[in-house]
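The values are calculated or read from the model by the stated rules, or taken from the named source; none is laboratory data. Only a predicted model underlies this, so the values are computations on that prediction, with no experimental measurement involved. Here the Cβ positions follow ideal geometry from the backbone for every residue, glycine too, while neighbour counts run over all protein chains shown.
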Amino acid sequence: MSEDGHVFVIIDGTEHPVGQYPDASTEEALAYFVRKHDEVVSSLMLLEQRVAAKAPSSDMNKTLDHLAATVAERAMVGDIAALETRIEAARTLVNELAAVERKANEELRVSELAVREAIVAEAEALAALDPTTVQWKQGSNRMNDLFDAWKKAQKSGVRLGRNTEDTLWKRFRGARTTFDRHRRAYFSQLDATNAEAKAAKEALIVRAQELSNSTDWGATAGEYRRLMDEWKASKRASRKDDDALWARFRAAQDVFFEARAATNAAIDEEFGANLIVKEALLVEAKALLPIKDLAATKKLLDSIRDRWEAAGKVPRADMQRVESSLRQVEDAVRSAEDDQWRRSNPETKARSNSMLTQLEDAIAGLEADLAKAQAKGVESKIKDAQEALDARRLWLETLQKSSADFQ
């Protein structure tokens with residue numbers, strides 16, 4: 001320090017002016033410029049701590065540039081060379097930290113790009129679906145979820161670069177637009193289809209209502225079956241409309257079928273007494289079986305039939321049962337008649353007798369042939385004659401038994 005208060009610092013053997021601190025002692029002047037050095041050291045130490053803690057390096061080089069410029073002014077007293085070396089060492093560490101950060105950021109960017117790509121790809125897949133196969137409620141909810149995920153990624157995710165983000169956004173927006181267009185078109189067509197189906201079923205309801213008071217039970221029941229077939233073949237309206245339309249259609253049918261059921265119930269009540277009579281006649285008819293005297297059985301059955309017809313109709317639910325039961329008895333009598341006719345048929349008897357005569361003549365001839373063969377002692381001819389004779393005798397025995405049935 002000079003007498004006029006100028007302070008100098010020696011670096012690598014060269015003296016550099018630091019500054020002037022007038023009206024102060026040497027100790028005070030040196031202390032002032034030492035504090036300048038210590039302030040730079042303190043700032044550098046803080047930065048080194050930030051590097052060690054892996055704090056963001058974005059402003060660290062700027063800080064180092066400022067510290068290096070301050071030191072370069074030589075306006076301080078201390079180990080300047082060591083401080084400059086320390087600053088450059090810190091710069092190396094900062095650059096290494098920045099490289100690590102760039103690598104991490106690139107990995108995050110790649111990961112974030114994959115997330116955005118997945119969002120866009122799923123949105124495009126939804127947009128590409130056949131509108132007739134889409135579950136629109138679930139599909140719309142999923143598209144909204146994808147949009148929320150996109151907004152969240154844009155807000156808090158790693159920046160991908162303007163061009164990349166613009167390209168992905170255009171794809172995502174296009175997919176959403178296509179999906180919404182398909183949804184609107186689908187529901188527009190669905191509304192048209194529902195309106196058409198509703199109109200067709202309204203017409204069926206009108207026809208069903210027009211028939212509901214008919215008393216032509218058979219023909220009207222058939223017409224209702226045809227209406228039901230048309231209903232099943234027609235398109236469905238919306239669930240709410242279809243359920244309401246069906247209730248009206250069914251109500252019109254119920255009017256008719258309930259009226260028919262009431263009428264049949266009244267008829268069945270009227271015919272109940274006739275059923276009692278026919279049940280008794282069935283007991284009488286079944287007692288005719290098994291048949292012992294065909295002529296007497298036929299006479300009794302004719303009497304039962306006359307009384308059966310006179311008894312009148314029975315309830316519809318019992319008609320098939322009682323008619324079938326009587327028919328079984330009639331079939332048994334008819335079968336007995338057929339069997340009797342077969343046994344007494346003159347033509348059948350004549351044919352049988354003719355065959356018997358022919359067989360007897362054939363057997364006589366074969367017996368003569370057998371006697372001749374035995375006389376000659378030719379074993380082969382004896383065997384053939386005996387086999388032929390045995391066959392004819394068996395045939396004759398069978399035919400004689402059959403002929404006895406016609407006697």
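So the values come out like this:
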| item | result |
| --- | --- |
| Within region 243-295, considering residues that are among the basic types (Lys, Arg) and without any contact (Cβ under 8 Å) to a residue 24 or more places away in the chain, the one farthest from residue 336 (Cα to Cα) | 250 |
| Among residues of region 130-145, those that are without any contact (Cβ under 8 Å) to a residue 12 or more places away in the chain and either of a type in the set (A, V, I, L, M, F, W, C) or in a helix (DSSP H, G or I) (or both), counted | 6 |
| Pair list, Cβ under 7 Å, 6 or more apart: region 149-165 residue over 13 Å from residue 120 (Cα atoms), other residue surrounded by 15 or more Cβ atoms within 10 Å (Cβ to Cβ) and modelled with pLDDT of 75 or more | 157/112; 158/109; 158/112; 160/109; 160/112; 160/113; 160/116 |
| Matching residues, region 197-231, being of a type in the set (A, V, I, L, M), within 21 Å of residue 261 (Cβ to Cβ) and under 34 Å from the mean Cα position of the chain (by Cα) | 227, 228 |
| Residue within region 220-232 that is among the acidic types (Asp, Glu), modelled with pLDDT under 85 and either surrounded by 11 or more Cβ atoms within 10 Å (Cβ to Cβ) or assigned by TED's automatic domain parsing to the domain that holds residue 138 (or both) present | no |
| Matching residues, region 183-204, being in contact (Cβ under 8 Å) with a residue 24 or more places away in the chain and farther than 14 Å from residue 242 by Cα | 183, 185, 186, 187 |
| Index of the failed condition, residue 81 passing every other in (1) in contact (Cβ under 8 Å) with a residue 60 or more places away in the chain; (2) in a loop (DSSP other than H, G, I, E, B); (3) farther than 13 Å from residue 41 by Cβ | (2) |
| From 259, 247, residue being surrounded by fewer than 14 Cβ atoms within 10 Å (Cβ to Cβ) and within 57 Å of the chain's Cα centre (by Cα) | 247 |
| Any hit, region 169-190, residues being out of contact with any helix residue (DSSP H, G or I) (no Cβ under 7 Å at 6 or more places or on another chain), farther than 30 Å from residue 315 by Cα, buried (at least 17 other Cβ atoms within 10 Å of the Cβ) and not aromatic (Phe, Trp, Tyr) | no |
| Boolean, residue 291 is part of a helix (DSSP H, G or I) and hydrophobic (A, V, I, L, M, F, W, C) | no |
